[in-house]
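Take a look at the structure set out below.
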Amino acid sequence: MRAIRVEEAVGNILCHDITKIVPGEFKGTAFKKGHIVTKGDIPELLKLGKEHIYVWEFKKGFVHENEAGLRIARAIRGLGLILTAPNEGKVNLVAATDGMCMIDEDCLLKINMIEEIVVATRSNKRPVKKGEVIAGVRVVPLVIDERKIKLVEDIGYEPNIISVKPFNFCKVGIITTGSEVYHGRIQDKFGPVVTAKAEAYGCKVIEQIIVPDDVELIARAANTLINHGADLILTTGGMSVDPDDVTPSGIKKAGAKIISYGAPVLPGSMFMVAYLGKVPVLGLPGCVMYNRVTVFDLILPQVLAGEAIDRSMIVRLGMGGLCLKCEVCHYPACSFGTGA
Ligand SMILES: Nc1nc2c(c(=O)[nH]1)N[C@H]1C(S)=C(S)[C@@H](COP(=O)(O)OP(=O)(O)OC[C@H]3O[C@@H](n4cnc5c(N)ncnc54)[C@H](O)[C@@H]3O)O[C@H]1N2
Ligand code: MOO
C-alpha cells in the first residue's frame with residue numbers, strides 16, 4: 001500500500017472505500033475498495049477532498065480480483081453459458097438457454113481445493129431456465145498470485161466443467177393402462193398431467209393409447225407408438241403389486257431392456273426405466289398423477305437433455321430422494337433430487 005497524488009492514480013487499485021456525505025441527502029460509498037481509478041474519477045475524488053489516496057502496490061505476477069474472476073469464469077465455462085461483467089471481483093455464469101445444468105464435480109472439487117479460489121454452483125443435473133445464474137466465481141483477496149489462476153486454467157482445459165445442456169424436442173407416446181379407464185368407469189386424469197409436464201419442456205404428445213390391464217395389449221401399444229415415430233414412451237398406472245398391475249410385464253413383453261424397476265425416490269418408488277431399442281420407456285406409477293413433483297420430474301429432464309439413464313443414476317437419487325411435500329412447492333429450488 002502506498003499513498004499517491006490523485007492525479008497520478010489512474011489505473012491504480014484503491015485500497016479502501018471512499019465515503020461521500022451530502023448533508024440531508026446522501027451518505028455512502030462513492031468509490032469501493034478494489035476500484036480501478038479512471039481519468040473520469042479524478043474530479044470527483046478531488047471534490048471529495050482527496051488529494052492523495054492509498055493504492056495497491058502492484059507486484060509482478062499478481063492479478064486484480066476482477067481480472068482473476070474473469071479468467072476463472074472463462075476457464076470453467078462450458079456450452080450454454082454467458083458471463084457477467086465482474087462486480088467487486090465476482091463474475092456470474094448465466095444460462096444462455098433453458099436446459100440441464102451439468103457440473104463436472106471432480107473438476108469443481110480440484111478448483112476449489114486451490115486456496116483463495118471460490119467457485120460456487122447450483123446442484124448438479126437440475127433443470128434451469130435461460131437467464132438464471134448457474135455459478136458465481138471470485139477470489140478471496142483483492143490481488144492474487146497469478147500462479148493460482150494458471151492452475152485453474154490448466155484444469156479448465158477439461159471441456160464443459162460447467163455447462164447447460166439444452167433439452168431435445170421429443171415426440172412422446174403415452175400408454176395409459178387400467179381397465180377402469182379403458183372401460184370408461186372413470187375418466188383418464190393421468191394423460192393430461194404427463195402431457196402438461198412433457199409440453200412444459202417443449203415436447204409434443206403425438207398419441208395416447210388407452211389399454212386395459214393386459215400384458216399383450218400393453219406390449220402391442222408400445223410397438224405401435226414406436227412405428228408411429230415416438231422417441232419417448234410414457235406408460236401410466238399399473239406399476240405396483242396388485243394382480244392387475246401388469247405394466248412392467250407389458251413393457252418387458254414389448255421387447256424392452258429393463259434398466260431399473262423401483263427407484264429410491266418418494267414419491268415414485270414404483271418407477272421403471274426401460275429402453276425399447278433406443279427409445280426410453282418410463283413406467284409411471286399412480287403417484288405421478290397425484291403428487292406435484294415425483295421421480296418423473298427428476299428423470300424427464302435428464303432424458304430430454306440426452307442423458308442415457310442407467311441403474312447407477314437411479315440409485316444415486318436416494319440421497320435427496322425424499323420430497324418434503326412443502327405447502328408451497330419450490331422445486332427445483334429444494335433438496336428433492338439433489339442426488340442426481
Ligand atoms: N400393497 C402395496 N400397495 C401399494 C404399493 C405397495 O408397494 N404395496 N405402492 C403404492 C405406490 S408407491 C403407488 S405410486 C401406487 C400406484 O401404483 P400403480 O401405478 O399400480 O397405480 P394403479 O394401481 O394403476 O392406480 C392407482 C389409483 O389411480 C387411479 N388411476 C390410475 N390410472 C388412472 C388414470 N389414467 N386416470 C385416473 N385415475 C387413474 C386408479 O384408478 C387407482 O385409484 O400404489 C400404491 N399401493
Ligand atoms: O411409487 Mo409411489 O410410486 O412411491 O408413491
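Each reported figure results from applying straightforward, stated rules to the coordinates on display, with no laboratory input. As the structure is a computational prediction, the values presented were derived from the model and not from experiment. Glycine gets a Cβ as well: all are built from the backbone with ideal geometry, and neighbour counts include every protein chain shown.
GNM remark for the chain: springs join alpha carbons under 10 Å apart, and the peak mean-square fluctuation among Ile53, Ile21, Ile218 falls on Ile21. Compute a Gaussian network model of the chain, connecting alpha carbons closer than 10 Å, and tell me which residue from Glu146, Glu65, Glu327 fluctuates the most. Most flexible of the set in this elastic network: Glu327. The H on the amide N of His52, modeled in the peptide plane, is under 5 Å from the matching H of Val6, each at least 5 residues off or on a different chain. Applied to segment 270-282, the Karplus parametrisation 6.51 cos²θ - 1.76 cosθ + 1.60 on θ = phi - 60° returns per-residue 3J(HN,Hα) values of 9, 6, 10, 10, 9, 10, 9, x, 8, 8, x, 10, 10 Hz, with x for Gly and Pro. Computed from backbone phi with θ = phi - 60° and the Karplus coefficients 6.51, -1.76 and 1.60, the 3J(HN,Hα) list for segment 248-255 is x, 5, x, 5, 4, 4, 5, x Hz; x is used for glycine and proline.
Taking amide H as placed 1.01 Å from N in the peptide plane, the amide H of Ile210 sits under 5 Å from that of Thr176, each at least 5 places away or on another chain. Label positions at Val241 and Asn87, each projected 7 Å from the Cα along the C-beta direction, are separated by 5.3 nm. In this structure, the pairs whose alpha-carbon distance is over 21 Å, taken from Lys130/Lys171; Lys165/Lys204; Lys129/Lys204; Lys204/Lys325; Lys171/Lys278, are Lys130/Lys171; Lys204/Lys325. For the residue pairs Lys189/Lys252; Lys20/Lys90; Lys110/Lys148, the alpha carbons lie more than 21 Å apart in Lys189/Lys252; Lys20/Lys90. Applying 1/(1 + (r/R0)^6) with r as the Cβ-Cβ distance of Arg2 and Lys130 and R0 = 41 angstrom yields a FRET efficiency of 0.35. Within the straight-line cut-off of under 18 Å between alpha carbons, the lysines reachable from Lys39 are Lys47, Lys50, sequence neighbours fewer than 8 places apart in one chain being disregarded. Compared with the dominant principal axis of the Cα atoms in the chain, helix 190-200 is inclined by about 30°. Diffusion of the chain by Stokes-Einstein, at 4 °C in a medium of 1.567 mPa s and with Rh set to the Kirkwood radius over alpha-carbon pairs, works out to 55 µm²/s. Considering only Val143, Phe296, Leu14, and ranking their Cα positions along the charge dipole of the chain that arises from unit charges at the beta-carbon of Lys, Arg, Asp and Glu, the one farthest toward the positive end is Leu14. In order along segment 5-16, the phi-based Karplus estimate (6.51 cos²θ - 1.76 cosθ + 1.60, θ = phi - 60°) of 3J(HN,Hα) comes to 5, 3, 4, 9, 8, 4, x, 8, 9, 5, 8, 7 Hz; Gly and Pro are listed as x.
A Förster distance of 22 Å, applied to the separation of the beta-carbon atoms of Cys15 and Lys110, puts the FRET efficiency at 0.10.
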